[in-house]
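A short write-up of the structure that comes next.
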Amino acid sequence: MASNVTTQGQEAVVCDLCQSPVSFFCRRCGVNLCDPCVLLHLRVKSKFGHDVVDYVSKDDDDVCFCESHPENKCSAYCKECDVPICILCVSIKHKSHEISELQDKIDELLKDITRENDRLQSFRDDLKRVLDHTVKTASSLPSVYKRKKDEVTARGEDWKKQIDDYVKKLLQELDELKNENEAVLLKQKKEFEDVIGKVDEMNRKSTKLLHSKNITEMQKFRPVITEQNTLKEFTQYTFPTFYKCKIDENHLQKYFGYIEKMHERKISLLKEKISLPDADSGREVLEAPPVSSVIDTGFTASKKYNSRLFDMAVTDDQKVWMGGASSELKLFDLQGHLQRTVTITTQGMYICMFNKQVVYSDVLNKTVKKISADDTVVTMSTTGDWKPKGITGSASGDLLVCLLKDDQSKVVRYSSTGTVLQEIQYNSQCQPLYQDAYYIAENVNGDIIVTDFKMRKVIAVNGLGIFRYSYSGGKSASSFATDSVGHVYVTDFKDDKIHMLDRDGRFLRHIIPEGGIKRPRAVCIIGDGEMIVGECLTGLAKRIKFFEEKI
């Protein structure tokens, strides 16, 4: 209760502890405090803590007045009626109800408000990132569309060159045909002239004999004129014809190219936050993880690089598809028993599981194909002038594919029907993200991660295609895998080890199994704390248990 003293007819508020002039007010405790006493008060423990403010601002907050007795401030809370009440209400209207301290209800409400405000602030952070991305995307529109126009113009110039070359070819053909026809006709002309000359000679002799009585000459000439042949037929030559093929819009669209409109793709901002295990999570990485089993894939070595095993993909029932230097894909169980062999149209360099079917990139034919249940090869999508490389399924049910053309590389998101939904190629400064993206996976937090063959690094972007991080530790980042909490395991082909990263690309440690690993390339997580790693040159796949439970 505040203390008052009378000063020249007016009441002056003083400190409740020492009656000195008041300077502060504790909202939690409802007491007035002077300068010396405020420090003493703050040392006193309180159930609800302290909220000390300047005395002049103590009434800045809204005060709750009782609905039944508007002149009274609320000091309690009726749980049954769910309303704040004053001291009179406690003893009258709400006498038989369950009553609590008003501060308890305030603390409960503030706790909920704080929690929801934290949620909204986190959501605001996500929105801010999306806003920044939208702003950067909008600012890059002129350069992006200029680049697209340049592509169309370059395509037109290429067509013009091809048309000019083709016109020159046709003109050259006409010149050659003209010379050929001229030679034939001149030959035919000479033949006709020779025949006519002989006919004229026969005519002159016949005319001469008409006025002669020399029967001997007539007898000699008769067999000569009788044996003189006449032409029964001759060859007629026509001029060449230029057939003009009809050009329509569909013809141009099919062969020249066309503009595909932008697509909409919904990305959830409410994705559950997944926390990483900390040092007390109950398990740790082994210093020298044991190799529990070895699978000999049996792939023969390629002549050029002596490579055997290229890629792997794990099925839902814990079997592993293997692809290597062969036109076959092989399915093994984890004990190394061959379950199935499928003949494909290329080497199995890039494979993944998608909708429970094994999918592979046909680099030579520039298509993405899948193996149906009856081992039939089905084309899912074509990639135009771009060579498909690494592929992976995504949590949204789409297919992510690394594409390469000349010195350009990008990641494209395809729907299950082959429609292009998203292209990731440039950063916010319109600079290329990749030089040669060749293995790809989606992490549990939605990051799209690739390894780049030329840059020898791991590159991660978020689901919107915004750059997140890159990792260039080690000598050669080959393939990689992610686990259920977002760790990234990168095989180092040249350094014979595996790099373990956290979800933000920070290096955690190396993983080297007992007996070592030689030229690791393909890697898959096959269980909690267990992986299978393929040795590219030996064709062996090693099953490694790298986590153990703490005692």
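The values are calculated or read from the model by the stated rules, or taken from the named source; none is laboratory data. This structure is a prediction, so every number in the text was calculated from the model and none was measured. As a convention, Cβ positions derive from the backbone with ideal geometry for all residues, glycine included, and neighbour counts pool all protein chains shown.
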- Please work out if HIS487 is of a type outside the set (A, V, I, L, M), modelled with pLDDT of 90 or more and closer than 26 Å to ARG308 by Cβ. no
- Message: Against the condition within 24 Å of the chain's Cα centre (by Cα), of a type outside the set (Val, Ile, Thr) and buried (at least 17 other Cβ atoms within 10 Å of the Cβ), how does GLY529 come out, does it pass?
- Response: no
- Query: Just checking, which of ASP374, ASP407, ASP362 is farther than 30 Å from GLY515 by Cβ and surrounded by 19 or more Cβ atoms within 10 Å (Cβ to Cβ)?
  - Reply: ASP362
- segment 70-87, subset surrounded by fewer than 17 Cβ atoms within 10 Å (Cβ to Cβ) and modelled with pLDDT under 85, residue nearest to HIS50 (Cα to Cα): LYS73
- Run GLN435 past the list (1) part of a strand (DSSP E or B); (2) more than 9 Å from the chain's Cα centre (by Cα) and report the number of the one that doesn't hold. (1)
- Query: Restricting segment 432-444 to residues that are out of contact with any Asp or Glu (no Cβ under 8 Å at 6 or more places or on another chain) and without any contact (Cβ under 8 Å) to a residue 40 or more places away in the chain, which is surrounded by the fewest Cβ atoms within 10 Å (Cβ to Cβ)?
  - Reply: PRO432
- Tell me which residues, restricted to segment 410-427, are under 12 Å from the mean Cα position of the chain (by Cα) and outside any strand (DSSP E or B). SER415, GLN425
- Query: Is it the case that GLU535 is out of contact with any Asp or Glu (no Cβ under 7 Å at 6 or more places or on another chain), modelled with pLDDT of 95 or more and acidic (Asp, Glu)?
  - Reply: yes
- Item | Subset of segment 493-514 (residues that are in a strand (DSSP E or B), among the β-branched types (Val, Ile, Thr) and touching a residue at least 40 places away in the same chain (Cβ under 8 Å)) | ILE511
- For residues in segment 280-331 being more than 16 Å from ALA541 (Cβ to Cβ) and not in a loop (DSSP other than H, G, I, E, B), which is modelled with the highest pLDDT? VAL285
- Message: Condition check: surrounded by fewer than 21 Cβ atoms within 10 Å (Cβ to Cβ) and within 17 Å of VAL291 (Cβ to Cβ). Does GLU535 satisfy that?
- Response: no
- Query: Within segment 377-389, is even one residue under 23 Å from THR482 (Cα atoms) and buried (at least 18 other Cβ atoms within 10 Å of the Cβ)?
  - Reply: yes
- Message: assigned to a loop (DSSP other than H, G, I, E, B) and either closer than 30 Å to ASP175 by Cβ or among the aromatic types (Phe, Trp, Tyr) (or both): is that true of LYS232 in this structure?
- Response: no
- Query: Do any strands (runs of 3 or more DSSP E) lying entirely in segment 445-492 carry at least 3 residues that are in contact (Cβ under 8 Å) with a residue 12 or more places away in the chain and closer than 19 Å to TYR426 by Cβ, and which ones are they?
  - Reply: 448-452, 457-461, 467-471
- Query: So VAL63 fits all but one of (1) of a type in the set (A, V, I, L, M, F, W, C); (2) surrounded by 14 or more Cβ atoms within 10 Å (Cβ to Cβ); (3) more than 30 Å from LYS244 (Cα to Cα); what number is the exception?
  - Reply: (2)
- Task: Please enumerate the residues belonging to segment 515-551 that are without any contact (Cβ under 8 Å) to a residue 60 or more places away in the chain and of a type in the set (Lys, Arg).
- Result: LYS518, ARG519
- Query: Identify, please: which residue in segment 293-310 is among the charged types (D, E, K, R) and without any contact (Cβ under 8 Å) to a residue 40 or more places away in the chain and is, among those, nearest to HIS337 (Cα to Cα)?
  - Reply: LYS303
